[in-house]
């Protein structure tokens, strides 16, 4: 992969460009339909950028890093056949790429925010390609960035992406609910920081099933009922509390 | 508080003893009904230990750090009136302490595991006492350990403890569900580590409501339906996925 063009200028495009450049891979150009966004990444990374389809440069690898709904459209912009084109989505099949080029997927399992500095060397990359040789090349490329590179077909990639919903989106929602309860009691969200961080840190040493604690784990119905009392005027939280408590109880039923 | 006795020898007792000693507070003795457990902490911290009620020393402060169900029993063991006795539970009222001594509560909001080294200086402590002067003394003591000390009555302490269920117990359950999905797809739990850590790290810079991402946040029903398909044979996970997705959608309805 002597040359790479990135299509898209969102959070994934931003961090992928940075990760590739940091590992001396040759990203030549950023294309995006909104020029200002391409410019932002282009100038930050000192590479050329464009919003004109006709100006998209010839390269060995095109990485389409955009919203799922835009992948197909972006995939039409690449007018070359003897190139590899990949998207970076966990939930789209390789077949959304429309073109006569060779196709593949390079999916990073991480949550990306533009403003944040983050490690790239442990991000899991999941790869799928039409052709064996392209898989080898993509694995080699991803290994320049990270130590966690896996070949994975679409059905399993979708499941991995769904893991992200549980471990990131739903976890974030739990933080938001806890933060709301703090707020209603006149306490700043920050009182939860040490607990949030210790809960995540523990995962480096323990499997989550071993690390589980709390009233549901112990089957402590006295405390559970006190919490349900507290929540009785909030049917949404009450329902979530009950369902998650039941789920934990069921998980440890045979202990 | 010139002298402290700890009653109990679980995770909270272990870390509280260590935190107090690290800040040169005078923990004189550990009492526990199972001698081997008191011995473990006593020897690690070079303080005396006993399993005999008659050997409990006279001290200024007694900290009962045991399971909620045992607080009342432990509270009978202290034969002095001119002392302060506190428990460390978020979900028990001060009144579970039975005795003619002065009463209080010193509740740390954190998840404690014996084997782990952890910071104490940011753990929030929530304090309640019968007498104003004891509140001052407990705040002073807790401030030796941590920068986050709050006076809080029982009703609010119960809510704070419930926040811990959301931000720790339920979050851990989300990790466990995600880990189970990884396992069923032949992937190690460790592929989730960077995502878990980034999700927690982000909370240092963003409020959870701003940090929320994912298909539910975007209202992306195509991806949501793909995930529901994947889960269709697991009614427990299907139900949780749907309820949390609905809850996130409702939260951002007015955006």
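When chain A is turned onto chain B, its residue with the beta carbon nearest the axis, and that distance in whole angstrom, is A:200, 2.
Kindly give the distances from residue A:57 to its copy-mates, label point to label point, with each label point 7 Å from Cα along Cα→Cβ, as nm values to one decimal ordered shortest first. Once sorted, the set of distances for residue A:57 reads 7.4 nm.
Restricting to Cα pairs below 8 Å that are 6+ residues apart, what does the relative contact order work out to for region A:4-152? Please round to a whole percent. Walk me through the numbers on the way to the answer.
Numbers: 293 pairs, mean separation 27.6, N = 149.
The value is 19 percent.
If you count the DSSP beta bridges with both ends in the protein assembly as shown, what percent of them are antiparallel, to the nearest 5?
On the way: 10 of 54 bridges.
Antiparallel: roughly 20 percent of the beta bridges in the protein assembly as shown.
Summary for residue B:119: label point 7 Å along Cα→Cβ; distances to the equivalent points in the other copies, ascending, 1.7 nm.
When the Cα atoms of region A:4-152 are aligned to their principal axes, the ranges along those axes come out at 36, 34, 27 Å in descending order. When each of B:250, A:226 is scored by the number of other beta-carbon atoms lying within 10 Å, the sequence from fewest to most is B:250, A:226. Counting every other Cβ atom within 10 Å of each residue's Cβ, A:3, B:75 order from fewest to most as A:3, B:75.
Taking every DSSP helix (H) stretch of at least 4 residues in the protein assembly as shown, weighting each as -39,500 (n - 2.57) and dividing the sum by the residue count yields a mean residue ellipticity at 222 nm of -13500 deg cm²/dmol. Pairwise Cα separations in region B:71-187 fall into 10 Å bins from 0 onward with the following percentages, short to long: 13, 34, 30, 13, 7, 3, 0. Here the peptides B:143-154, A:102-113 are ranked by packing, the mean other Cβ count within 10 Å, and the order with the highest first is A:102-113, B:143-154.
With Cα atoms defining each centre, region A:131-187 and region B:104-143 are spaced 36 Å apart in the structure. With angles folded into 0 to 90 degrees, how steeply does helix B:11-22 sit against the dominant principal axis of chain B? Use alpha carbons for both and round to 10. Taking the Cα atoms of chain B, the angle to B:11-22 is about 60 degrees.
If each residue's Cβ is checked for other Cβ atoms within 10 Å, how do B:163, B:182 rank with the fewest at the top?
The fewest-first ordering by Cβ neighbours comes to B:182, B:163.
Available extension along the chain between residue A:24 and residue A:210 is 62.8 nm, counting 0.36 nm per residue and deducting the alpha carbon span.
Do you know the relative contact order of chain A, to the nearest whole percent, from alpha carbon pairs under 8 angstrom that are 6+ apart?
Working: 356 pairs, mean separation 29.6, N = 255.
It comes to 12 percent, rounded to a whole number.
Viscosity 1.567 mPa s, temperature 4 °C: give me the Stokes-Einstein translational D for chain A in µm²/s, with Rh taken as the Kirkwood radius over C-alpha pairs.
Details: Rh = 20.8 Å.
Reported coefficient: 62 µm²/s.
Take the Cα coordinates of the protein assembly as shown, assign each an equal point scatterer, and use the Debye formula without solvent to give log10 I(q)/I(0) at q = 0.06, 0.09, 0.10 Å⁻¹. Each listed q maps to, in turn, -0.35, -0.70, -0.82. Compared with the dominant principal axis of the Cα atoms in chain A, helix A:235-251 is inclined by about 90°. Gyration tensor over the Cα atoms of region A:1-61: the corresponding equivalent ellipsoid has semi-axes (square roots of 5 times the eigenvalues, largest first) of 16, 14, 9 Å.
If R0 is taken as 35 Å, the Cβ-Cβ distance between residue A:201 and residue A:58 corresponds to a FRET efficiency of 0.15.
Kirkwood-type hydrodynamic radius, region A:118-255: 18.4 Å, calculated from all non-identical alpha-carbon pairs.
Expressed per residue, the C-alpha convex hull volume of region B:63-107 stands at 55 Å³. Where both bridge residues fall in region A:54-127, DSSP classifies roughly 25% of the beta bridges as antiparallel. Compared with the dominant Cα axis of chain A, that is its longest principal axis, helix A:132-145 is turned about 60°. Projected over all directions and averaged, the alpha-carbon convex hull of region A:201-255 occupies 4.3 nm². Normalising the average separation of contacting C-alpha pairs (under 8 angstrom, six or more residues apart) by the number of residues puts the relative contact order of region B:158-251 at 16 percent.
Taking the DSSP bridge list for chain A and keeping only pairs wholly inside it, about 20 percent are antiparallel. Copy-to-copy label distances for residue A:184, where each label lies 7 Å from Cα along Cα-to-Cβ, are 3.3 nm in order of increasing length.
Readers should treat all values here as calculations from the given coordinates under stated rules, not as data from a laboratory. Since the structure is predicted, the reported quantities are computational estimates derived from the model, not experimental observations. As a convention, Cβ positions derive from the backbone with ideal geometry for all residues, glycine included, and neighbour counts pool all protein chains shown.
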